[in-house]
Amino acid sequence: MSAGVSRRSVGRSLRLLRSFRREQEDPDAFYEALSADAVELLGGSLELAGVLSVDVGGGAGYLTRALRAAGARCVLVDADERELSWRGPPPAGSAVADAAALPVRSGTVDLVVSSNVLEHVPEPFAVVEEMARILRPGGHLWISFTNWLSPWGGHETSPWHYAGGERARRRYAARTGREPKNAFGETLFPLHVGTVLRRLSDHPLLSVVDARPRYLPELAHAIVRVPGLREVLTWNLEVLARKRALPPG
C-alpha cells in the first residue's frame, strides 16, 4: 500500500490500541474507528468511489457502512444472521451466505474486503479461492486476520492459547462459567502469517501488492519479512492483492 508514515504513525497505533482495550464496553466506538481506519488506508492505494465491493464476513456491517460513506457500492455477506443484526438492522442489501459459496457471479467485483474473518473459518483458503473467483481481472482483494501466535491469537482466551487452544478454552470456561465466543476448533482456528503469505504468493490468479502488520506503525512494516518473529509481533496481518488478467503460463 502506498500509505505513508503520516497514515501509519505511532499515534495512530496508540489510538487503535486504546480503542481496542474498550472493545467489550463500547464495541461501536471500536469497530467504527477500525473500519474508518481501514477505509482510509485503502483509499491511499485505491479509488473507492463508485467501485463494486463485497464485504465478506462483515458481521454488523461497520466496514460496509464505512466503504459506502467513501462512495463505494458495497454488499455485505455473512454466514450468521445473528451477527448481521447484532447491533441493529443490517445494511440494506445484505445477504446470509457461506463465505466459501458467495452468491455473486464470477469476475464481477472490483474489490473484496474481509476483516478478521479467516481465523474463524475451518478452511480459510477455500474462502480465499471464492473471493478470488468473484473478482474481476484487475480487481483487488484486501484481507486481514489475527495470527495464532500473536499475543491476541486466542482472542478472549489469550494468552493461554500459547499453552494450547483446547487448554485455553477449558480455562476460560472454568473461570467465567461460559464457553468463549471464539471457541477453539469451532469458531477459532490457528492461522499463521507465513502460511498465508506463501499461499497467496503461489496463487495462480492473485498477485500480492503489499503485506504488513495492520495495527502497527510504518516502522514495523519489515516485520512480515522475518520468519518466526513475524508470527509473534505482527498481531494482525493485512494483505492487499490484485487479480491477474490470466493465470501465468
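The values are calculated or read from the model by the stated rules, or taken from the named source; none is laboratory data. Being a predicted model, the structure only gives us computed values, none of them experimental. For neighbour counting, all protein chains shown are included, and Cβ atoms are generated from backbone atoms with ideal geometry for every residue, glycine included.
V51 fails exactly one of the following numbered conditions: (1) under 21 Å from P124 (Cβ atoms); (2) more than 14 Å from the chain's Cα centre (by Cα); (3) not acidic (D, E). What is the number of that condition?
(1)
Please state which of the following conditions Y215 fails to meet, knowing it meets all the rest: (1) more than 16 Å from D37 (Cβ to Cβ); (2) touching a residue at least 24 places away in the same chain (Cβ under 8 Å).
(1)
Could you list, in sequence order, all residues of the range 223-248 that are of a type in the set (G, A, S), surrounded by fewer than 17 Cβ atoms within 10 Å (Cβ to Cβ) and modelled with pLDDT of 95 or more?
G228
Matching residues to (1) touching a helix residue (DSSP H, G or I) at 6+ places or on another chain (Cβ under 6 Å); (2) within 18 Å of S115 (Cβ to Cβ); (3) β-branched (V, I, T):
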residue	(1), (2), (3)
T187	yes, yes, yes
T195	no, no, yes
P204	no, no, no
A211	yes, yes, no
A220	no, no, no
V226	no, no, yes
W235	no, yes, no
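Looking at the range 46-57, I want the residues that are free of Cβ contacts under 8 Å to residues at least 60 places away in the same chain and have a partner that is surrounded by fewer than 23 Cβ atoms within 10 Å (Cβ to Cβ) and outside any strand (DSSP E or B) with Cβ atoms under 6 Å, at least 6 apart or on another chain. Which pairs are those?
Matching pairs, first to second residue: A49/G71.
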